[in-house]
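Engineer: Have a look at this one before I ask anything.
The values are calculated or read from the model by the stated rules, or taken from the named source; none is laboratory data. Keep in mind the model is a prediction, meaning the values are calculated, not measured. Cβ: placed from backbone, ideal geometry, glycine included. Neighbour counts: every protein chain shown. SASA here: full protein model, heavy atoms, side chains in, ligands and nucleic acids out. Shrake-Rupley method; radii C 1.70, N 1.55, O 1.52, S 1.80 Å.
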Amino acid sequence: MENNLLLLNQEYQRAWEIRQANFPPVLHVYKPVQTMSVSLSGSECALDCAHCGGHYLKSMRTIQDLNGFSGKSCLISGGCSLDGKVGVGAHLEALKQAKGSKRYNFHVGLLSESEIEKIVPLADVVSFDMVGATD
């Protein structure tokens, strides 16, 4: 366990150094308005993580609700499969059709490189949770 924490801390340090080398030391904070949170999985999540427990999924809308939504942005997320992924692939066409001028913030877990490449044309932002405990 201690060895895993050391490796994780080394990775966090490496990520921080890469961030510092490529971005200015400025933090931009946005309070989204006219934003709809969309769950691609309904209220289902195989992981049931302690930090969420499916709580946030209960108040999210479905992808069908995107049609007719005239707000500025959407959080595209949902519950994860056991391998930590939100099943975005099956919804790409519907997301493309509904995008218009809306900004999409994807919060879709640990996708593979090929899965990420499929959302790149749609994504304005990609967000991640960094959970540091196995519980």
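Conditions (1) over 19 Å from residue 127 (Cβ atoms); (2) free of Cβ contacts under 8 Å to residues at least 40 places away in the same chain; (3) open to solvent by 100 Å² or more (accessible area, probe 1.4 Å); (4) of a type in the set (D, E, K, R), marked per residue:
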{"residue": "15", "(1), (2), (3), (4)": "no, yes, no, no"}
{"residue": "18", "(1), (2), (3), (4)": "no, yes, no, no"}
{"residue": "26", "(1), (2), (3), (4)": "no, yes, no, no"}
{"residue": "29", "(1), (2), (3), (4)": "no, yes, yes, no"}
{"residue": "37", "(1), (2), (3), (4)": "no, no, no, no"}
{"residue": "41", "(1), (2), (3), (4)": "no, no, no, no"}
{"residue": "46", "(1), (2), (3), (4)": "yes, yes, no, no"}
{"residue": "49", "(1), (2), (3), (4)": "no, no, no, no"}
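Engineer: Out of the range 92-119, which residues are basic (Lys, Arg) and either at positive phi or assigned to a helix (DSSP H, G or I) (or both)?
Structural biologist: Of the range 92-119, the ones basic (Lys, Arg) are 96, 99, 102-103, 118.
Result: 96, 99, 118.
Engineer: Moving on. Among the residues of the range 53-88, count how many are in a loop (DSSP other than H, G, I, E, B), over 20 Å from residue 124 (Cβ atoms) and of a type in the set (Ser, Thr, Tyr). Even if it seems obvious, please write down each step before you answer.
Structural biologist: Step one: filter the range 53-88 for residues in a loop (DSSP other than H, G, I, E, B), giving 53-55, 60, 62, 67-72, 78-84, 86-88.
Imposing the further condition that a residue be over 20 Å from residue 124 (Cβ atoms) reduces the set to 53-55, 62, 68, 79-84, 87.
Restricting the remaining residues to those that are of a type in the set (Ser, Thr, Tyr) gives 62, 81.
Looking only at that region, the number is 2.
Engineer: Please identify the pairs in which a residue from the range 57-74 that is open to solvent by less than 80 Å² (accessible area, probe 1.4 Å) has its Cβ atom under 6 Å from the Cβ atom of a residue that is assigned to a helix (DSSP H, G or I), counting only partners at least 6 apart or on another chain.
Structural biologist: 63/91; 63/94; 66/98
Residues checked against (1) farther than 19 Å from residue 41 by Cβ; (2) in contact with a Phe, Trp or Tyr (Cβ under 8 Å, 6 or more places away or on another chain):
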{"site": "87", "(1), (2)": "no, no"}
{"site": "94", "(1), (2)": "no, no"}
{"site": "117", "(1), (2)": "yes, no"}
{"site": "127", "(1), (2)": "no, yes"}
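Residue by residue, here is whether (1) within 14 Å of the chain's Cα centre (by Cα); (2) among the small types (Gly, Ala, Ser) holds:
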{"position": "46", "(1), (2)": "no, yes"}
{"position": "57", "(1), (2)": "yes, no"}
{"position": "61", "(1), (2)": "no, no"}
{"position": "80", "(1), (2)": "yes, no"}
{"position": "93", "(1), (2)": "no, no"}
{"position": "104", "(1), (2)": "yes, no"}
